[in-house]
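The values are calculated or read from the model by the stated rules, or taken from the named source; none is laboratory data. What you see is a predicted model, and the numbers here were worked out from it, not measured in a lab. We place every Cβ from the backbone using ideal geometry, glycine too, and count neighbours over all the protein chains shown. Note: accessible area is taken over every heavy atom of the protein model, side chains too, but ligands, DNA and RNA are not part of it. Shrake-Rupley method; radii C 1.70, N 1.55, O 1.52, S 1.80 Å.
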Protein chains: 2
Amino acid sequence: MALIVQKYGGTSVGDIDRIKNVAQRIKKSRDEGHSLVVVVSARSGVTNELIAKAKAITDRPDTREMDMLLAIGEQETIALTAMALHAIGIPAVSYTGAQAGIFTDEVFTKAKIQKILPKPIQKDLKAGKVVIVAGFQGINETGQITTLGRGGSDLTAIALAAALKADVCQIFTDVDGVYTADPRIAKDAKKLTEISYDEMLELASLGSKVMQSRSVEFAKKYGVVFEVRSSFNHNPGTIVKEEVAYMEKVVVRGVAVDKDQAKVAITNVPDKPATAATIFKALADAAINVDMIVQNSSHTGGLADLTFTVQRDDATNAVRVLPAVLKQLGGGEVKAFDNIAKLSVVGVGMRTHAGVAATLFSALGALGVNIQLITTSEIKITVALDRAKADEAVRAAHAAFGLEK
Amino acid sequence: MALIVQKYGGTSVGDIDRIKNVAQRIKKSRDEGHSLVVVVSARSGVTNELIAKAKAITDRPDTREMDMLLAIGEQETIALTAMALHAIGIPAVSYTGAQAGIFTDEVFTKAKIQKILPKPIQKDLKAGKVVIVAGFQGINETGQITTLGRGGSDLTAIALAAALKADVCQIFTDVDGVYTADPRIAKDAKKLTEISYDEMLELASLGSKVMQSRSVEFAKKYGVVFEVRSSFNHNPGTIVKEEVAYMEKVVVRGVAVDKDQAKVAITNVPDKPATAATIFKALADAAINVDMIVQNSSHTGGLADLTFTVQRDDATNAVRVLPAVLKQLGGGEVKAFDNIAKLSVVGVGMRTHAGVAATLFSALGALGVNIQLITTSEIKITVALDRAKADEAVRAAHAAFGLEK
């Protein structure tokens, strides 16, 4: 008999029938003899409806009131889920974030969990009840309702698993697990049985929609082993856990691609010490997140070129912001290319294996793909390339590292 | 500068535009120099939608989970109302029932307020903020969310006014105040400037939709003076307060009518000591509320007649339940008449004035109205009569007591 924390996302509890389906899944786990804490999100769409109401009143809603408003989405789901369990004879009790003792800092709309006081939950578990907890929300020291921001419900589940010393944490979502590549692109992509926190972190930041990196970071910090799996079937998912020795035998774990990228090229800007700082501060002030950056200062005549990628939506904004900055710096031209994809290969085994970059570049070269930018980390190589070639490139990289096996 | 508690009902905050309108009204009061605590209901319709969701899951939702679910209706309104105030430059902060320190007993879905700890509210008032409180909800000693049942938001406002020692409590609703009769029936009905708690209580139980009697009782117990007025215009409403000497000069304060009544007549039932008790216990077990009762035991042969009124919806049910009971009692017939109205005249002045009943009966007699049942209290006379004659009867009674003056 294990203590399991399960988390069901907005799609999994999207309507009354799906909530009933989740209740059946919970019943199945309970019938197998497990103790269960279940974290649920707001029904899909509800949070956006609430945001629309707030925006109909004011462009910039107060963040405290926003959290007061958004918290009701999960509060609805916990009550309905508890009712659905009662309806099939399972004792269950719902908890808001505050009732679950999830204490956060004061930063409304993106609060960080500071501590969890799970005594009431433990008491209800001991009494044989399934405990249903509202994801995404907490309370600060002065009793104000806070929300945790994007990926908040996953974080609630992982933090509760840590606080309760759960045996496992299951993140139920609308995908089957983590794959070696997007199966819609690489037909022979394989679901990974397990993956290390670091690999999952890289994938999370590379366009894999499975989980936000903050939840993976939290799990890594507290050693919470979790499984990503589907709420629409009973297939086992992917276990995410601390790196173990045998993981290193696999050089590349997977290939990720993000097709919503753009490239911004600044040319012939005077090459002075503060040039890059001035440019990137201006972009940050305009809330533009810059990703890959390459600077080339080898020009003659004291001029430099600077190229970076941004999310496609941000490209227009970057082109609007930059001319004034370049003028201030004494010259330079800016041009955006919005037909960019970002392809990455990830694997902890890379640390100890040479030649990974060479294998990737050869595979892409054989396709006639022009690599526009390159960045690397200890366990990742990322290249920017033409979006039109992205799917082919994923398949080629997937094959080059033998991931279909 | 006064401390005012205002309450806006579900219709008054029914959509975004109405919430903005409420914000303007609050601003107006604040601009006049008052401190404000504002209690709001769920937007009209929201509570019924939530109930429908629960019923789609189970016929008999757990009451604790029901309260968890229903509480979100008001939580939405408080956040949106606070945002609407911010949008017009008024500092405001929202409070759930729990945050407002509204402690109740353990009876989910119809909890009673036991105490209010309003320190945080007082602190925010002192800081110049408008405090927006979720009506209808509280928290019990173990931290569970409770709701107060029908009329709960009025009760929240009146209880907060008592706890905060507010100067006045304003109940904003969709009617202008309390009238001497329904103005749709008696065109010359007058809005009352003031009325005593006891008169308001009688009217509340007589089909006046203005307020539930429990809120009036609470106000009476704690001496909270409140005003019932419209949120759709700026007319003064009706002040409800302790009876004062001059009120007695007005013999009849108003005429109320409830046209959704039915009469059930039981004839020729054996007249034994427990007869009435057996009959009314059976009706209570079937959740049928009995109102006016007349028993006539003057039959020869040890038989009695028993007549009572019920809400029209309950008549069919009464006719279904009673035959088995009468069989057990040894005989009797039951017949229902669903064309009944109940007309009442109310006034604290009645206590010291004779002849009120005579005046009423003469007025009705002159119309040719047959009075079917009569009940009286210290400050009220009620008659049951043919529904078709009800409007005429209201006008005649209104004129007979000179209420148009």
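Assorted remarks:
- Beta bridge orientation in the stretch B:92-202: antiparallel %, DSSP, nearest 5: 60 percent
- Candidate cross-link partners of B:Lys53 among the aspartates and glutamates, defined by an alpha-carbon separation under 15 Å and a same-chain spacing of 8 or more, comprise A:Asp15, A:Asp17, A:Glu74, A:Glu76, B:Asp62, B:Glu65, B:Asp67.
- B from A by rotation - nearest chain A beta carbon to the axis, in Å: A:Ile72, 2
- Note on exposure: A:Thr307, B:Thr81 ranked by accessible area (1.4 Å probe, complete protein assembly) read A:Thr307, B:Thr81, with the most exposed listed first.
- Solvent-accessible surface (1.4 Å probe) assigned to A:Asp386 amounts to roughly 50 Å².
- DSSP beta bridges in the protein assembly as shown [antiparallel fraction, %, rounded to 5]: 60 percent
- Charge dipole (debye, nearest 20) of the protein assembly as shown; +1 at Cβ of Lys and Arg, -1 at Cβ of Asp and Glu: 280 debye
- Within the stretch B:1-23: backbone nitrogen closer than 13 Å to the B:Asp167 label point (7 Å, Cα to C-beta): B:1-5
- Global form of the stretch A:3-174, assessed from the alpha-carbon gyration tensor, a/c cut-off 1.5: oblate
- Other-copy label distances relative to A:Gly331, 7 angstrom Cα-Cβ extension, nm: 12.1
- All other residues whose Cβ lies under 13 angstrom from that of B:Leu322 are scored, Lys and Arg at +1 and Asp and Glu at -1, for a net of +1.
- Sorted shortest first, the distances from the B:Ala56 label point to those of the same residue in the other copies are 2.0 nm; each point sits 7 Å from Cα along Cα-to-Cβ.
- Applying both filters, DSSP loop and at most 15 other Cβ atoms within 10 Å, to the GluC sites (Glu not before Pro) of the stretch B:35-107 gives B:Glu106.
- Extension reserve of the A:Ile16-A:Asp188 stretch, reckoned as 0.36 nm per residue once the Cα distance is removed: 58.4 nm
- Packing around the peptides B:189-196, A:144-151, taken as the average count of other Cβ atoms within 10 Å per residue, puts them in this order, highest first: A:144-151, B:189-196.
- Listed pairs B:Lys7/B:Lys27; B:Lys221/B:Lys241; B:Lys20/B:Lys187; B:Lys7/B:Lys405 exceeding 21 Å between Cα atoms: B:Lys20/B:Lys187; B:Lys7/B:Lys405
- In this simple spin-label model, placing a label point 7 Å from the Cα along the Cα-to-Cβ direction at both A:Glu49 and B:Asn370 gives a separation of 5.3 nm.
- Cα long-axis angle, helix B:315-329 against chain B (0 to 90 degrees, to the nearest 10): 50 degrees
- Proximal lysines to B:Lys327, defined as alpha-carbon separation beneath 25 angstrom and excluding residues fewer than eight positions away on the same chain: B:Lys263, B:Lys272, B:Lys281, B:Lys335
- Each of A:Lys28 and A:Arg351 was given a label point 7 Å from its Cα along the Cα-to-Cβ line. The distance between the two points is 3.7 nm.
- Computed from the Cβ-Cβ distance with R0 of 30 Å, the FRET efficiency linking A:Met1 to A:Lys249 stands at 0.30.
- Ascending list, in nanometres, of distances separating the B:Pro120 label from those of the other copies (7 Å, Cα toward Cβ): 1.3
- Net length available on complete extension from A:Ala277 to A:Asp313 is 10.7 nm, with 0.36 nm assigned per residue and the Cα-Cα distance removed.
- The stretch B:326-341-the stretch A:241-263 distance, computed between alpha-carbon centres (Å): 80 Å
- Helix axis angle, A:356-367 relative to chain A longest principal axis, alpha carbon, degrees: 70 degrees
- Taking all protein chains as they are arranged and a probe of 1.4 Å, the heavy atoms of B:Ser35 leave approximately 20 Å² accessible to solvent.
- Between B:Arg320 and B:Glu106, the modelled label-to-label distance comes to 3.4 nm, taking each label 7 Å out from Cα in the direction of the beta carbon.
- When +1 charges are put on Lys and Arg Cβ atoms and -1 charges on Asp and Glu Cβ atoms, the dipole computed for chain B relative to its Cα centre reaches about 560 debye.
- Calculated FRET value between B:Val294 and B:Ala399, using beta carbons and R₀ = 22 Å, to 0.05: 0.20
- Counting Cβ atoms of other protein chains within 10 Å of each Cβ in B:58-64 and taking the mean gives 5.
- Farthest positive-ward along the protein assembly as shown dipole, Cα basis, beta-carbon charges - from A:Gly89, A:Thr359, B:Ala315: A:Gly89
- Among the protein heavy atoms, those of A:Arg395 account for about 110 Å² of accessible surface (1.4 Å probe, every chain in place).
- Residue mean of other protein chain beta carbons inside 10 Å, B:14-26: 1
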